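Read the structure below first, then the notes.
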Amino acid sequence: MSFQVRKLLLVIVVLHVSACSSLGVKPWERNLLAKKQMALTSSPINAALDDHIYFSKEASSGGRGFAGGGCGCN
Amino acid sequence: MNKSLSFSAALSAAVSALFVAPVTSVKAEESNAWKLDSAVMYYGETDRVQAVEVIVGGKKEFEDGHFLDLKFTFDTLTGASATGAVAQPNIQSFTRPSGNGRYTVSANETPLDDTFKDTRVQLNAQWTQPLKGEYTLSTGAHLSKEYDYLSLGINAGLAREFNQKNTTVSAGLSLGQDTITPEGGLPIPLYEMPHYINSPNGQPNNTEGSSSDFDASRDRSSDSKQIVDLLFGVTQVINRRFITQFNYSYSNVDGYQTDPFKVVSVVDENGVTLNNIYESRPDKRQKNSVYAQGKYHLSKSVVDVSYRYFWDDWGIKSNSIDAKYWMPMGKGYLEPHIRYYQQDEADFYQPFVTRQPEVDSNVSADYRIGKLTGLTLGLSYGFPLNNGHEISFRAELYRQKVTDPGVNNIGVINQLDIFPDVDAVIFQTNYSF
């Protein structure tokens, strides 16, 4: 499974590098993307609180950011 | 119409570009003040853990693109936590992890350790600045201290933008060192939990055991683990309304990862607990995850969907799907949230054992590394205040359904619910200024 996922990831990265030149917007077309609610992590504080809860209560961590540690809660 | 709009937009961009120097310097002066973001969160499980967490974060731009982020976190935990011991049809008694006294658990109840109590302070600092070309460098450090736990870490990340900043490729490294020093020392893995009581006046009460029994179950006062995390990411703007992110993260944890407060029940053929032994987890763990996120701007609202697949060499695999829908509401916004999580158990997870495990083997009955699902439903509401500050409120329900990984329940355990659900509520207020 992990090998397949790695392969998939590689494909995604290669696709990005090769196809990204046809994607995207011009600098003056960023009015919607510049809104706070369009930031990938629109509330870093909420993300930190959620990460702490789920790190404490579930066996998985990381993904959006480092898998980390930081507390003795797990 | 569209043509003339985009022409005027292009013209205004060109005019801005001509005056780029004065515009940015004015902007820099305006944005040089600290921007503060704060939150107070209450997390409460039914009959179990209660937590209050306060975060205050500040961000300051020193010169164009040079940012300092500081974050202070304080949290306090009280309540009871599942010990891993299996429920029984009779009252059970357990020695506290500190060795000071004992606690009892009613018949048919999941054993919870009611001495769960901690206060934690955490500091994070992160510096981000542009480098030559299209590169951005970010470095940071964190310190987290609890009564019995210390976590230190440093991190660095490098990002490069391509294709008119529509593509960002990043790589990051984080190094951490965690040290645990529980009151009463670290129990010897797989060793039988002793019966020992200190009476309130400090005089040992040896009717059910002795201090030497307790001391014999401990082999050291503290231990540590080292964490190396790698994170690789690609962010891609698809079009004016659509942005995506893809991450791969790897984490290598080396050192003490057993939970010194957890035990496993050894039961006989009738399901009756003979004794409880301290759990044991491997001292190495490699975690991986792939993460994909997409954010799409509809005419006014925003859809945010993310997915993570996680796997590690303990045998744990999990899927997480998270979706938020941001929509304008009056002057502010409303944001419903749903998250679904599904996890397969670790190879060494066993709700109970029927014989003493072999020396150096691993076993844990901690339901958090067992087979479970989690469902979160939430709603946020936020709006700007007249002074330009912003306030928001969040309420969420979180339910964990713990499921039988396929063990053959025996004897008295058959009649008991040894996989109870865990329900929690989350209330939160944020204030930004």
Quiz prompt | Calculated [θ] (222 nm, deg cm²/dmol) that DSSP helices of n ≥ 4 give over the protein assembly as shown, each run adding -39,500 (n - 2.57) | solution = -4000 deg cm²/dmol
Exercise. Using a Förster distance of 30 angstrom, determine the FRET efficiency expected from the C-beta separation of B:F62 and A:S22, and round it to 0.05.
Key: 0.25
Exercise. Taking 50 Å² as the minimum loss, tell me which residues in the stretch B:347-376 lose that much accessible area going from the chain by itself to the full protein complex (1.4 Å probe).
Key: B:R368
Quiz item: Roughly to the nearest percent, how much of the accessible area of chain B is carbon and sulfur, given a 1.4 Å probe?
Solution: 59
Self-check item: Among B:R368, B:R241, B:R281, residue whose mean-square fluctuation peaks in a GNM of chain B (springs only between Cα atoms under 10 Å)
Solution: B:R241
Quiz item: Can you work out the FRET efficiency for the pair B:D219 and B:K132, with r the C-beta to C-beta distance and R0 = 51 Å, to the nearest 0.05?
Solution: 0.45
Quiz item: Between the stretch B:39-68 and the stretch B:225-289, how many Å separate their Cα centres?
Solution: 23
Practice problem: About the Cα centre of the stretch B:32-432, how large is the charge dipole given +1 on each Lys and Arg Cβ and -1 on each Asp and Glu Cβ? Please answer in debye to the nearest 20. | Solution: 1800
Quiz item: Rounded to whole Å and sorted largest first, what semi-axes of the equivalent ellipsoid does the C-alpha gyration tensor of the protein assembly as shown yield via the square root of 5 times each eigenvalue?
Solution: 48, 23, 22
Quiz item: Sorted by accessible area (1.4 Å probe), largest first, how do B:H195, B:H66, B:H297 line up?
Solution: B:H195, B:H66, B:H297
Quiz item: What average count of beta carbons from other chains do you get within 10 Å of the Cβ of residues in B:287-300?
Solution: 4
Exercise. Whole number in Å², please: accessible area per residue of the protein assembly as shown, 1.4 Å probe, ligands, DNA and RNA not counted.
Key: 49
Quiz item: When the convex hull of the C-alpha atoms of the stretch B:213-323 is computed, what volume per residue in Å³ does it have?
Solution: 167
Quiz item: Taking only C-alpha pairs under 8 Å that are 6+ residues apart, what is the relative contact order of chain B in percent?
Solution: 13
Quiz item: So how far, in whole Å, is the C-alpha centre of the stretch B:394-433 from the one of the stretch A:21-65?
Solution: 27
Quiz prompt | Total accessible area lost when B and A pair, probe 1.4 Å, Å² to nearest 100 | solution = 5900
Practice problem: Using a 1.4 Å probe and counting only protein heavy atoms, arrange A:E58, B:E134 so the residue with the most accessible area comes first. | Solution: B:E134, A:E58
Quiz item: Counting only Cα, what are the radius of gyration and maximum Cα-Cα distance Dmax of chain B, in Å?
Solution: 26.2, 91
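The values are calculated or read from the model by the stated rules, or taken from the named source; none is laboratory data. In this text the structure is predicted, and so the values were computed from the model without any measurement. Cβ: placed from backbone, ideal geometry, glycine included. Neighbour counts: every protein chain shown. Heads up: the accessible areas ignore ligands, DNA and RNA and are worked out on the full protein's heavy atoms, side chains in. Shrake-Rupley method; radii C 1.70, N 1.55, O 1.52, S 1.80 Å.
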